[in-house]
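These notes concern the structure reproduced below.
The values are calculated or read from the model by the stated rules, or taken from the named source; none is laboratory data. Here the structure is a predicted model, which is why all the values come from computation and not from measurement. As a convention, Cβ positions derive from the backbone with ideal geometry for all residues, glycine included, and neighbour counts pool all protein chains shown.
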Amino acid sequence: MGHHENAVEKKFAGSLNSAMIADGEANAAQEYANQFGQPGFSDPTRLYITQRYAGYTQENQETWQALYDRQMAYLADHASDTYLGGARAIKLVRDYIPHLEGPLSVNTFLKQLTGWQSKAVPGYLPAKSFFACLARREFPTTIVIRPKESIDYLPEPDIFHDIFGHVPLHADPVFADFLQTYGKAALLTEDPFHTERLARLFWFTVEFGLIKEGGQVKLYGSGLISSPGESIHALKSKDVDRRPFDLERVCDTSFEIDHYQPILYVLDSFTQLRDAMSTYANRLIDEASRRATQAA
Ligand SMILES: [Fe+2]
């Protein structure tokens with residue numbers, strides 16, 4: 001959710017390698033996703049598919065390499081050390097699209113570090129099914145990659161956004177706990193007020209978060225990490241209001257998805273984020289149990 005990257009006067013061109021997600025297994029998983037939450041449709045493992053790695057074309061691999069080369073060069077000095085350390089720890093490399101299965105897959109390394117796993121999914125997941133995966137320390141991962149012609153413009157998540165952008169942070173124990181707690185809280189709440197606030201929290205942290213490290217503001221949100229244009233804008237532009245992170249204020253801030261973000265929030269540490277999320281999750285659990293008591 002909230003994966004949209006921002007397009008600035010660029011149009012989508014070329015076509016996705018949709019054969020990767022067009023078989024019976026993918027169709028069944030997508031149908032299950034669409035009904036998730038109805039009676040009999042609550043098993044997140046039914047949302048997952050196999051990556052079928054041989055389906056990637058030479059062009060797909062070259063697109064990954066071009067994106068990796070350009071973005072890593074910038075991130076070396078501008079991304080959070082936690083992100084960069086995570087990318088090394090999961091053995092993210094420029095030479096090939098990451099594997100989700102097998103001994104050299106990112107999951108082999110992640111498993112030892114935090115127990116998180118990246119699971120291939122056929123496409124868009126409804127919010128509750130997405131949260132159910134996070135609550136299990138499983139990250140729903142798009143496996144197709146953007147076409148070469150559209151290297152700067154991505155209307156939907158692809159594997160560069162999902163793996164390069166998101167997954168390195170899953171190797172960090174503090175961020176790993178935060179994201180699971182987020183998933184549990186978002187899965188639990190049925191109150192639209194809190195659902196909206198949690199969506200904003202995800203947006204301003206997981207997708208577009210900044211963090212202060214060694215006196216400098218660095219990138220960690222996946223939407224910034226995986227977007228060459230917006231990563232620079234987020235750090236350099238005078239048009240961005242960079243505010244200190246405060247959970248209540250974040251949850252009260254609305255966002256728009258179709259242009260560069262004018263407001264960003266800056267963490268002091270990932271511990272600050274984890275602890276604020278735990279406090280919020282406990283509040284949601286208390287409210288849910290009070291409602292249950294009143295109903296009884
Ligand atoms: Fe995302």
Note to self: Which count do you get for residues in the stretch 184-226 that are under 20 Å from Leu267 (Cα atoms) and either within 16 Å of the ligand (Cβ to nearest atom) or touching a His at 6+ places or on another chain (Cβ under 7 Å) (or both)?
What the structure shows: 22
Check: If we only count helices (runs of 4 or more DSSP H) wholly inside the stretch 50-121, which ones have 1 or more residues that are among the small types (Gly, Ala, Ser) and modelled with pLDDT of 95 or more?
Finding: 58-78, 81-89
Next item on the list: Check Ala13 against each of (1) assigned to a helix (DSSP H, G or I); (2) more than 23 Å from the chain's Cα centre (by Cα) and name the one condition it does not meet.
Entry: (1)
Item checked: Near pairs, Cβ below 7 angstrom, 6+ apart or cross-chain, from the stretch 78-97 (touching a residue at least 40 places away in the same chain (Cβ under 8 Å)) to any residue that is surrounded by fewer than 20 Cβ atoms within 10 Å (Cβ to Cβ) and not hydrophobic (A, V, I, L, M, F, W, C) -> Ser80/Glu213; Asp81/Glu213; Ile97/Gln61
Item checked: Hey, Ile143 hydrophobic (A, V, I, L, M, F, W, C), buried (at least 23 other Cβ atoms within 10 Å of the Cβ), out of contact with any helix residue (DSSP H, G or I) (no Cβ under 6 Å at 6 or more places or on another chain) and modelled with pLDDT of 95 or more or not -> no
Notebook entry, point to check: Do you know which residues across the stretch 212-230 are touching a Gly at 6+ places or on another chain (Cβ under 9 Å) and either touching a residue at least 40 places away in the same chain (Cβ under 8 Å) or part of a loop (DSSP other than H, G, I, E, B) (or both)?
Noted result: Leu219, Tyr220, Gly221, Ser222, Gly223, Ile225, Ser226, Ser227, Glu230
Margin query: Can you tell me which condition Val250 does not meet? The list is (1) away from the ligand (no atom under 16 Å from the Cβ); (2) not in a helix (DSSP H, G or I), and all the others hold.
Written below: (2)
Item checked: The one condition in (1) touching a Gly at 6+ places or on another chain (Cβ under 8 Å); (2) within 13 Å of the ligand (Cβ to nearest atom); (3) not in a loop (DSSP other than H, G, I, E, B) that Glu149 fails to fulfil -> (2)
Check: Here is a list of conditions, (1) in a loop (DSSP other than H, G, I, E, B); (2) closer than 27 Å to Cys133 by Cα, and Asn27 meets all of them except one; can you say which number that is?
Finding: (1)
Checklist line | Hits in the stretch 35-91 - residues which are among the basic types (Lys, Arg) and within 30 Å of Glu213 (Cβ to Cβ) | finding: Arg70, Arg88, Lys91
